[in-house]
Structure formats: C-alpha cells, structure tokens
Amino acid sequence: MAKDWLEGVNGSYDAVVIGSGLGGLTSANILGKMGHRVLVLEHHYQFGGLATWFKRPRRHIFDISLHGFPVGMIKSCRRYWTKEISDSIKQIKSIRFINPQFNIDTTFDRNDFTRILQETFQIPRERVEAFFEHLRQMNYYDRDTRTTKEMFEEFFPGRNDVHRLLMEPIAYANGSTWDDPAITYGIVFSNFMSKGVYIYQGGTDQLISRMTDELQRNGVEIRRNCLVEKVYTEDDPATGQRRVVGIRANGRGGESRDIACKAVVSNANIKNTVLQLAGAENFRPEFVAETEKVRVNTSSCQVYLGIREGESIPNIGDLVFTSEAPEYSSTELTDFNTTSRTFSVYYPDTRPQNPVQRYAIVASLNARWKDWEKLSEPDYAAAKERIITQALDGLEKFIPDIRQKVDWQEAATPRTVHHYTRHFGGTSFGTKFEGLKVSMELPEQVGGLYHAGSVGIIMSGWLGTINYGVIVASKADSFLMAAKRGEAAPAASN
Ligand SMILES: Cc1cc2nc3c(=O)[nH]c(=O)nc-3n(C[C@H](O)[C@H](O)[C@H](O)COP(=O)(O)OP(=O)(O)OC[C@H]3O[C@@H](n4cnc5c(N)ncnc54)[C@H](O)[C@@H]3O)c2cc1C
C-alpha cells in the first residue's frame, strides 16, 4: 500500500492552507506565529510552489524562479520570516540587454537608468526625472485607466527603443503587456528601480528548507504530496452566511480524508479556488461571472543547462535579455517561435555552501498555454528540442564552446507549470489586474475563505506574493480571533 502522506494529521485545524507557494507559506507562518493551529497541504512532492528547484544526475541543481526580485524582499523576509533568510538576499550587478536596438549593461536602478536614458538614448534629464517622479506618485487607489503603452507614449513619444528598455524586463518578471494598466507597471518597475535586482544566495532549496524549519518552529503542520480536492462550506445558522467548515484531501495513500477547519487560505490560482475547489454554487452569480472573466497571465518555457563538474564559464552577466526581434512587442515575446529569451547565469556563488564549484544557465521564454496545450507527444518533444537548440545557439554568441561544457539539458513548458502547480492555463504569473478584486472579495462571499497567491500583477512575483500573504493572514487572523471569541465573523471581513 502506498504511503499516506496525511498520516498523523489531526481531524481539525483553525486554518488549512492549500498550497505551499511563497504566498501560502507566508500566510501559514504568520497564522502559526499568532497561535492558530495551521495545516499546510501541498500536492507537489516539494514545497515552494514556483519558488522551487530540482536535482538531476551528476549533482546538477536547477532553480525554477530564482532570477531576480526587488530589494523589498530583504525587509519582508526579515519581518515575516527570519534574519538568516533576509541576510542571504544579495544584489546581482550585471543585467544586460542585447537586441537589434541596443546593447547595454546596467545595475538596473534609478541612477543607472537615468544615466543610460540620457547618454545612450539621448533623453533630456528633466524628462527622465519627470517619468520617475510620475511613477513615484502613482497610487493604486487612483482611478487611472491609462495603459502602460499610453504612459510610455506620453513621456517618450515614438521612442520604441526606450519603450523596449522599460517594458522587456517587466514583461519577463510578471507577464504583463503594455495594454495592462499603467499602475501595475509603475508599482513593479519602481520596486526594481529603487535599488536594483536581488536574488537569494544559497539557492531555492536552502530558502525553502529554512522556511519550513521556521514553520515547524511556529507549530505549523506541513505536508507535501497532499492534494486538496474540495473546500466544504455550509450556511452559518447565526448569520445565514455561507462559511468554510473543512476540506477534503488526498495523501496518495488511498481514500481521501475530511479535515475540519474554520478558515481556508487558498494559494491555488484564484480561478481554481472559486470555480473548482469551493465550487461556483457557493458564490453569488455576479461573483462567479466576474471570476470567469478574470484573465490569467501568460506562461513560460525554460531551458535548463547544466555545466559539467570541473568546467567553468566566463562571466557574461547575471541576467542577459536577448532578442532578435527588430522591435519589442508583447506578441513577439510570447510567440511560439519567439526569438526573445533571457539567460539567467548561476555562478558558483549562487550556492557558496556547495563544496564543488558549479555553474548552470537557465533560458526563460514567455509562452502561451494555447500554443502548447494540445501538441501531440511527438510535436511536443520536437518543440522542446527546438527551444533547447535555439538556447544553445544563442549562448554560443557569448560562450562559443558552450555545447562542449553542457552535460545536462532539458526544457520545461507551460504544460510543466500546469502539471506541478495545477494553475489555470499553466500561468506563471497569476492573473491580470481584475483578479485582485475577486481574490480580496472572497471572504465576503464565503466566511473564512481567503486567497493568497499571485493576482493582479502587483501581488505576483516573490515579493508581491509574500507581501500579499501577510495581508491575507492578518485578515484571516481577525476572522479566527472573532470566531474564538464566539463573535459572528463580519461578513465583509475585508
Ligand atoms: C519560470 C518562472 C520564473 C519566475 N521568475 C521569477 C523571478 O525571477 N522573480 C520573481 O519575483 N518571480 C518569478 N516568478 C514568479 C514567482 O515564482 C511566483 O509569482 C511566485 O512564486 C508565486 O507564488 P504563489 O504564492 O502565488 O504560489 P505558487 O508558487 O504558484 O504556488 C501555489 C502552490 O499551490 C499548490 N496547489 C495548487 N492547488 C493545490 C491543491 N488543490 N492542493 C494542494 N496544493 C495545491 C501548487 O502545487 C503550488 O505549489 C517566476 C515564475 C516562473 C514560472
């Protein structure tokens, strides 16, 4: 009989967290610290969600989403995780852009961008300053309906080279396009511009191991290989409101189990949460219609290249944005045959704790689920082979003998993302802007039901999901505290 990964869990908890992405883990950690009895259930064999890693023969190790995040992670990790985690966040210094319009190397912060925009793109300093000032003053609560493209045109009319420089890295970071609201661009870009790009030194495996240690110290029960199949609800006799009463989960050991709880924090995609896990019947029809309309962001492909043990490669930069497209466009970036890819280069100092010096390179491409979803197995295999070959061809321009140095190569696609996370449309970056409203209004529909995960572009990425996890945990805490005091939880717990 297969191992039951749910063995030993209690029959009831204050809160069940569905999924162990950074949003779910952060919510769980805060709820645990606040003294609630919390169970985290993750269906994958590894914790971390998209912030995860995998190992391959010959001691290769690859990070899935450790490419770069804003400096705010240092503060968030110190406040909501541990000093040790926070102290391991280090800046990466060389971000390169190589395309038919320009070739630059930058630290990707406001000072350096101001210099580049002036010197390379000949934009007057006052214009650059006005742009940064405008971004700084943008407010989420302003009802500004402009798109990112419209904002670029206002500040840098007709300058598609400048638009490319500003947009390309953000499109890779969160899948946004220039038709998305300018505010989402403004928040994310300003976060990066404040002090550049950072990564976690030690690797995602070390980060998640430190996080799970901390969760255990805070009394959180955390289980992997456990799929949550259903969120149970019933009508609260006191208020008449629909409320959470438990979940059904399967730990791969055979029969599924029911676990009672007062609150659920779902780290699954918001559409999965409403339409599948809870089920449309629990929500007002207008809310279901709104959820159905939420657009998910695009997905991605990655090519993982492991450098043979003992080999080294020259320093070609930490993040290298390359493209052969004459001009930038969101369509080209996500095209099945895109020529745009970013190389993330992992030098030995990514994992200084390793006794052997290892290098790895990951090529990332944005991609659309619909292009990959229905490929036959032979076509799928051929498409993966093609993106590997193209990634190696692209790298040969920097490292001519790269093919001799690589002894592990494989590709991941939108289907891979979907397989491991179950996210609707294999999305890498959650939902478009409108997803945030649905996520935040969830507990008004079903008491005790919360969502912490990538939504609305701004609550996405490592920093966005951690910060959103904190916000959601504090709402769930108020709800649970009210329930413990025997008070009827407020319907509008937001
Ligand atoms: C290729 C790639 C590169 C990226 N690079 C960066 C980067 O460089 N910097 C950055 O900041 N961000 C990056 N991101 C985005 C970032 O990784 C994500 O935004 C963030 O990690 C998402 O966290 P999350 O909390 O939304 O949950 P996710 O990481 O999406 O995790 C959700 C978890 O819920 C689990 N789950 C879902 N349904 C169930 C269920 N029914 N039962 C049990 N478990 C369930 C899933 O298995 C998953 O583990 C990248 C993403 C991808 C795909």
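Filter region 34-69 down to residues that are within 16 Å of the ligand (Cβ to nearest atom) and more than 16 Å from Val303 (Cα to Cα), then give me how many there are.
Going through region 34-69 one residue at a time, the tally reaches 15.
Let me spell it out: the conditions are (1) under 15 Å from Arg415 (Cα atoms); (2) assigned to a helix (DSSP H, G or I), and Gln390 meets all of them except one. Which number is the exception?
Condition not satisfied by Gln390: (1).
Residues of region 233-260 being within 14 Å of the ligand (Cβ to nearest atom) and not small (Gly, Ala, Ser), which ones?
The answer is Ile247, Arg248, Asn250, Arg252, Arg257, Ile259.
Would region 224-232 turn up any residue that is farther than 30 Å from Glu487 by Cβ, touching a residue at least 12 places away in the same chain (Cβ under 8 Å), surrounded by fewer than 19 Cβ atoms within 10 Å (Cβ to Cβ) and touching a strand residue (DSSP E or B) at 6+ places or on another chain (Cβ under 6 Å)?
yes
Which of the following residues is among the acidic types (Asp, Glu) and under 30 Å from Thr147 (Cα atoms): Asp236, Asp205, Asp179?
Asp179 is the lone residue from the list that is among the acidic types (Asp, Glu) and under 30 Å from Thr147 (Cα atoms).
From the list Gln404, Gln409, Gln353, which residue is over 26 Å from Tyr45 (Cα atoms), more than 14 Å from the ligand (Cβ to nearest atom) and not aliphatic (A, V, I, L, M)?
Gln404
Determine whether Arg56 is of a type in the set (Lys, Arg) and touching a strand residue (DSSP E or B) at 6+ places or on another chain (Cβ under 9 Å).
Taking the combined requirement at face value, the residue satisfies it.
Val417 - would you say it is among the aliphatic types (A, V, I, L, M), outside the structural domain of Arg79 (by TED's automatic domain parsing) and within 14 Å of the ligand (Cβ to nearest atom)?
Answer is no for this residue.
Out of all the residues in region 420-432, which are assigned to a loop (DSSP other than H, G, I, E, B) and either near the ligand (Cβ under 8 Å from one of its atoms) or more than 15 Å from the chain's Cα centre (by Cα) (or both)?
Arg422, His423, Ser428, Phe429, Gly430
Considering only region 1-93, give the strands (runs of 3 or more DSSP E) lying wholly within it that have at least 3 residues that are farther than 30 Å from Asp109 by Cβ.
Result: 12-18, 38-41, 53-56.
Among (1) within 10 Å of the ligand (Cβ to nearest atom); (2) over 21 Å from Gly72 (Cβ atoms); (3) among the β-branched types (Val, Ile, Thr); (4) in contact with a strand residue (DSSP E or B) (Cβ under 7 Å, 6 or more places away or on another chain), where does Ile388 come up short?
For Ile388, the failing item is (1).
Being at pLDDT 95 or above and either more than 16 Å from the ligand (Cβ to nearest atom) or within 19 Å of the chain's Cα centre (by Cα) (or both) narrows it down to one of Arg223, Arg136, Arg146, Arg217, so name that one.
After applying the criteria, what remains is Arg217.
Quick check on this structure: which one of Gly246, Gly219, Gly240 is surrounded by fewer than 20 Cβ atoms within 10 Å (Cβ to Cβ) and either under 26 Å from Trp5 (Cβ atoms) or β-branched (Val, Ile, Thr) (or both)?
Just one listed residue meets the conditions, Gly219.
Looking at Val438, is it surrounded by 24 or more Cβ atoms within 10 Å (Cβ to Cβ) and either assigned by TED's automatic domain parsing to the domain that holds Asn282 or without any contact (Cβ under 8 Å) to a residue 40 or more places away in the chain (or both)?
Answer is yes for this residue.
The values are calculated or read from the model by the stated rules, or taken from the named source; none is laboratory data. Here the structure is a predicted model, which is why all the values come from computation and not from measurement. FYI the Cβ positions are ideal-geometry reconstructions off the backbone, even for glycines, and counts take in every protein chain you see.
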